[in-house]
Every structure is written in structure tokens, then in C-alpha cells.
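Only one structure is covered here, and it is reproduced in the block below.
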Amino acid sequence: MDAPRRLELGQSELRQGRYIEAASNFERALKEQPERPDALVGLGIVRYAQGSYDEAVALLGRALDRDPRRADAQLYLGLSCLQRGDDGCAAEHLRAFRGLTHNARVARQVDEALQLMRSEHPLSSRSRRFVATSLESAVKSEQELQDARSPYATWPYPGDTESFVARWTW
């Protein structure tokens, strides 16, 4: 099976929460094409979902080295940094994500998360989980709404810089 087919399967499995299967397909695609951004992002999101934040940061950082305008990579890199307590890294990537999204509701939620991170008291791990989960849920909800409005949309969105999140992979 070739890398594009592995990516398609990995993305489908990722959307279904089948992380082991998704990771296997993304890893096989990366063996064939080691620096492919969509495979790096897919595997990075899997590692984030599995709580392997350091590995997620490394994979998503590599993807952004190749394509810094990937909103999905910016979001999940920010969330990974937030979960591991690196507020500077989290703020940098959440701001970058905010600059790439055209959705006002999600932008407001990112602004509120950034405001919480700038508060006088450091966020507890429980608060970090809540903020990360809330942001991820808001983004997924908006993406699902966009997909419902566009029944012929495909995954990912290659070259689509006008959609809510260009080239979304989850």
C-alpha cells in the first residue's frame, strides 16, 4: 500500500479514535516519505491524544518546519505545550493558530485561553486539561459544521487556504 492510501486510512482511523491503527498507518507512510507534513501532523495528533506530549511536540514541530501555515499543527503543538506546562510555547502556537483561523467563535475561545494563561496564577494540570479539551472540542465542532455545509468536502483539504482550518487532518 502506498503512502497516500496509508494517510487516508490513518486519518479515517484518527477521526474514529482508533489511535493504534492510525499511528501504524502514519508511521508506515513516514517510512516511505519521512518528512511528509500530513503524516507528521497525523502522528503528532495521535501522540497528543495518547498523552505523549513530548513526542507530539517533536512531530508537530517537524511538520511546521516544512509547512508553517498548517493550522492543525499549530493548534496541536500549542495544546501539547499547554498540557506539558510550557506556557510560552503554548501561547506562541495558539496565537499562530488564531492567525490562521477565520472562525470568530474559535478565535474568541483561543483569546480566552491565552488570557487564562497570562493570569497571575499558574494553571493547574486540571485547568490545562480543561482549556485544551475545550479548544479542541470547539475546533472539531466548527469543522464538523463546515463539513456538514459542504457535503462533498474531502479529507484533508489540500491547497484550501480559505476554509476554516486549511488541510485539517483529524
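The values are calculated or read from the model by the stated rules, or taken from the named source; none is laboratory data. A quick note: this is a predicted structure, and the numbers were derived from the prediction, not measured. Here the Cβ is made from the backbone with ideal geometry for all residues, glycine too, and neighbour counts use every protein chain on show. We work out accessible area using only protein heavy atoms, side chains counted, and drop any ligands, DNA or RNA first. Shrake-Rupley method; radii C 1.70, N 1.55, O 1.52, S 1.80 Å.
Here is a yes/no grid of residues against (1) under 21 Å from ALA107 (Cβ atoms); (2) open to solvent by 10 Å² or more (accessible area, probe 1.4 Å); (3) not in a helix (DSSP H, G or I):
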{"site": "ALA22", "(1), (2), (3)": "no, no, no"}
{"site": "ARG47", "(1), (2), (3)": "no, yes, no"}
{"site": "VAL57", "(1), (2), (3)": "no, yes, no"}
{"site": "LEU64", "(1), (2), (3)": "yes, yes, no"}
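In this structure, GLN11 does not satisfy being in contact (Cβ under 8 Å) with a residue 12 or more places away in the chain, out of contact with any Gly (no Cβ under 8 Å at 6 or more places or on another chain) and part of a helix (DSSP H, G or I).
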